[in-house]
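First comes the structure, then the notes that go with it.
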Amino acid sequence: MNMKTVFITGVAGMIGSHLIDDLLQKGYKIIGIDNLSYGKLENISHNLSHPNFQFYKADVCDFDTMKLLAKDCEWIIHLAAYKKIAEKDFSMHTFQTNGILLNDEWCDFLKENNTVNLVDPQPAKEE
Ligand SMILES: NC(=O)c1ccc[n+]([C@@H]2O[C@H](COP(=O)([O-])OP(=O)(O)OC[C@H]3O[C@@H](n4cnc5c(N)ncnc54)[C@H](O)[C@@H]3O)[C@@H](O)[C@H]2O)c1
């Protein structure tokens, strides 16, 4: 059986780095990106040489790169985010990161590639 390819943003973060352990074990192919602003390469270092994992240091706001990497993937799991904006320098860039994949350009891309499915978790609420 041909295993599906999953594109994961924020792959070096807490959820992404654990998720790829599970998905690689199940035989999925993973293309993961992270700008390493918060996540760490150490979180995914044990998978960097895995034949079914490709990692790119990239920013989700670089839409052309995102489209190029995601175009043949059946699933997109969007985890790139700043969970606690108050702990980072505030800017529109950081503020928009969570929602960047919900813009018109992405919606058009998803419509054109109807095999692509988007999973975008709700941001965790601050206590
Ligand atoms: N951890 C939880 O318990 C939890 C619960 C519910 C929802 N969520 C949501 O799931 C998502 C991921 O959570 P997490 O705990 O893995 O967060 P995390 O902070 O550990 O990981 C987020 C990753 O995104 C990367 N990133 C940030 N901005 C980026 C950008 N512009 N381009 C590329 N990469 C970028 C960071 O470097 C980091 O590695 C968030 O939206 C979070 O709100 C988390």
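Nothing in this text is a laboratory measurement; each read-out follows from the coordinates by a stated rule. Note that the structure is a prediction, hence the values are computed from the model and not measured. Neighbour counts run over all protein chains shown; Cβ positions are idealised from the backbone, glycine included.
Among 62-72, 25-35, 6-16, what's the highest-first ranking by average C-beta atoms within 10 angstrom per residue?
Peptide ranking by packing, descending: 6-16, 25-35, 62-72.
Name the residues whose placed amide hydrogens come within less than 5 Å of the amide hydrogen of Ile76, ignoring near sequence neighbours (fewer than 5 apart) on the same chain.
Those qualifying (amide H under 5 Å, at least 5 residues apart or on another chain) are Phe7, Asn117, Leu118, Val119.
Taking amide H positions as placed 1.01 Å from N in the peptide plane, with prolines and chain starts having none, which residues 5 or more places from Lys4, or on another chain, fall under 5 Å of its amide H?
Distant-sequence amide H within range of Lys4: Lys29.
Using the number of other C-beta atoms within 10 angstrom as an exposure proxy, rank Glu105, Glu74, Glu42 with the fewest first.
Glu42, Glu105, Glu74
Give a residue-ordered list of calculated ³J(HN,Hα) values for the stretch 28-38 (Karplus: 6.51 cos²θ - 1.76 cosθ + 1.60, θ = phi - 60°; whole Hz; x for Gly, Pro).
Once rounded to whole Hz, the list reads 6, 9, 10, 10, x, 10, 7, 8, 6, 6, 10.
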